[in-house]
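Heads up, the thing below is written out as structure tokens.
The values are calculated or read from the model by the stated rules, or taken from the named source; none is laboratory data. Since we're looking at a predicted model, the values are computed, not measured. Here the Cβ positions follow ideal geometry from the backbone for every residue, glycine too, while neighbour counts run over all protein chains shown. Please note that ligands, DNA and RNA were not included when accessible areas were found on the heavy atoms of the full protein model with its side chains. Shrake-Rupley method; radii C 1.70, N 1.55, O 1.52, S 1.80 Å.
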Amino acid sequence: MTWGIGVLTVDDLPGCLALAQDRGWPAEDGKWRLLFELGTVFGARNTRGELVGTAVLTRYGNSLSVLSMVLVAARHGGQGLGRRLVTHALAGARTRTVALFATESGRPLYEKLGFTAVEALHTYIGTISGHPEPRSRPALPEDITAIRALDAAIVGAPREALLQRLFLFATQLQVLQHDNDIVGYGAVWRNLDQLMIGPVLATDRHAAATLIGDLASGADGSVRVDLLDHDCRLREWVQDAGATLRSSTTLMISGSPSLPGDRSRWYSPMMQALG
Ligand SMILES: CC(C)(COP(=O)(O)OP(=O)(O)OC[C@H]1O[C@@H](n2cnc3c(N)ncnc32)[C@H](O)[C@@H]1OP(=O)(O)O)[C@@H](O)C(=O)NCCC(=O)NCCS
């Protein structure tokens, strides 16, 4: 089978949404639009010109890229297209490390391409009750420098475009301040009918829990938060506060033995597609 692989534009969004639905994924219009802005969306077309595969690569400087939205139309599955798409996207990465969150169905393909599992990411959904009085405050435009510095120290890569965009993309962006220092930031954004908490990056678990509690209380209803496996006490707290474990994916990397930055303070990605 021959496919042509190239870079898509936002005009291809309807084809991407149709492909996602072909694989039982929701048609996440806002998320794809953000990925078209921040990343490179690769697409594969069959000989009839139909979009039958996608892969998105988002680069953060020279140290980290995140691969996402690896999708192959069911009728083209098992014919080598997933491998070709991922190989094509990785060739343009030019970063020391490439990370992704793998579904069970994607994991064998990534393992064959040399990715190794780092840890699980768990999805919790529910009404989370935080402190009655918020301890964090809405982020102000002038907080961007401190947010950037904290994010770069934890993620180990510059994410200016993503952080700048978060101010408009998020329905709430909160910072937690101790004395003059920002010790954590977190956001809530809307994905179709689900409010999503993420990212949550903070200097310690208590700061992360405070941010999650404040963001959930502000959301006033059911929220989803994806938490990395490494802090089991934070995950227990989220469950005690009212959320239920729904599913898990696996953080995988290639190119280097570990992620850049300080993973112990990275509690929740903005979304699995962006890290
Ligand atoms: C995952 C997905 C992209 C794979 O695409 P594909 O075109 O069917 O994969 P390929 O045919 O290129 O397979 C590549 C290799 O992975 C292996 N592989 C792929 N899926 C596998 C599976 N479920 N179990 C075992 N091996 C698998 C193939 O055997 C093949 O090995 P080879 O190259 O040594 O022969 C496709 O199944 C899909 O779109 N799934 C739904 C969406 C999804 O979950 N995406 C992953 C997001 S993280």
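Computed packing ranks the peptides 10-16, 194-200 as 194-200, 10-16, most packed first, by mean other Cβ atoms within 10 Å.
Close amide H partners of Ser65, meaning residues 5 or more places away or on another chain with modelled amide H under 5 Å apart, are Tyr60, Thr97, Val98, Ala99.
With coordinates expressed along the principal axes, the C-alpha atoms belonging to region 155-275 extend over 41, 34, 31 Å, beginning with the largest. A DSSP coil position with no more than 12 other Cβ atoms inside 10 Å describes the following trypsin sites (Lys or Arg not before Pro) in region 79-133: Arg94.
From the largest down, region 4-95 spans 36, 28, 20 angstrom on the principal axes of its Cα atoms. For the chain, the dipole from Cβ point charges (+1 on Lys and Arg, -1 on Asp and Glu) about the Cα centre works out to 1000 debye, to the nearest 20.
The distance from the alpha carbon centre of region 134-200 to that of region 1-63 is 27 Å, rounded to a whole number. Relative to the Cα centre, the charge distribution of region 4-95, modelled as +1 at Lys and Arg Cβ and -1 at Asp and Glu Cβ, gives a dipole magnitude of about 360 debye. Given a 1.4 angstrom probe, I'd like the percentage of the accessible area of the chain that is carbon and sulfur, rounded to a whole number. Of all accessible area on the chain, carbon and sulfur atoms account for 49 percent. With Cα atoms as the point set, the chain shows a radius of gyration and Dmax of 18.5, 62 Å. For the chain, a Gaussian network of Cα nodes joined below 10 Å ranks Ala149, Ala187, Ala207 by mean-square fluctuation, and the top entry is Ala149. Remark: region 223-239, residue by residue, has Karplus-estimated 3J(HN,Hα) of 10, 10, 9, 9, 10, 5, 5, 4, 10, 5, 6, 5, 5, 5, 4, 4, 6 Hz, where x stands for each Gly or Pro and the curve is 6.51 cos²θ - 1.76 cosθ + 1.60 at θ = phi - 60°.
Among the GluC sites (Glu not before Pro) within region 95-161, those in coil by DSSP and having at most 15 neighbouring Cβ atoms inside 10 Å are Glu104. With axes computed from alpha carbons, what is the tilt in degrees of helix 13-22 against the longest principal axis of the chain, rounded to the nearest 10 within 0 to 90? For 13-22 against the chain, the angle is about 90 degrees. The angle separating the long axis of helix 29-38 from the principal Cα axis of greatest extent in the chain is about 90 degrees. Comparing Leu121, Leu90, Leu168 in a Gaussian network model of the chain, where Cα atoms under 10 Å apart are tied by springs, the biggest mean-square fluctuation is seen for Leu168. Principal-axis analysis of the Cα atoms of the chain puts helix 160-169 at an angle of about 70° to the longest axis. Note on the chain: GNM, Cα springs under 10 Å; of Thr203, Thr95, Thr47, the largest mean-square fluctuation is that of Thr47. The residues of the chain have, on average, 44 Å² of accessible surface per residue, using a 1.4 Å probe with all protein chains present. Per residue of the chain, the DSSP helices (runs of n ≥ 4 H) give a summed -39500 (n - 2.57) that works out to -9000 deg cm²/dmol at 222 nm.
Shape analysis of region 52-126 places it in the oblate category; the axes a ≥ b ≥ c from the Cα gyration tensor give an a/c of at least 1.5, with a/b not above b/c. Positive end of the dipole of region 4-95 (Cβ unit charges, origin at the Cα centre): among Leu35, Trp25, Met69, the Cα lying farthest that way belongs to Met69.
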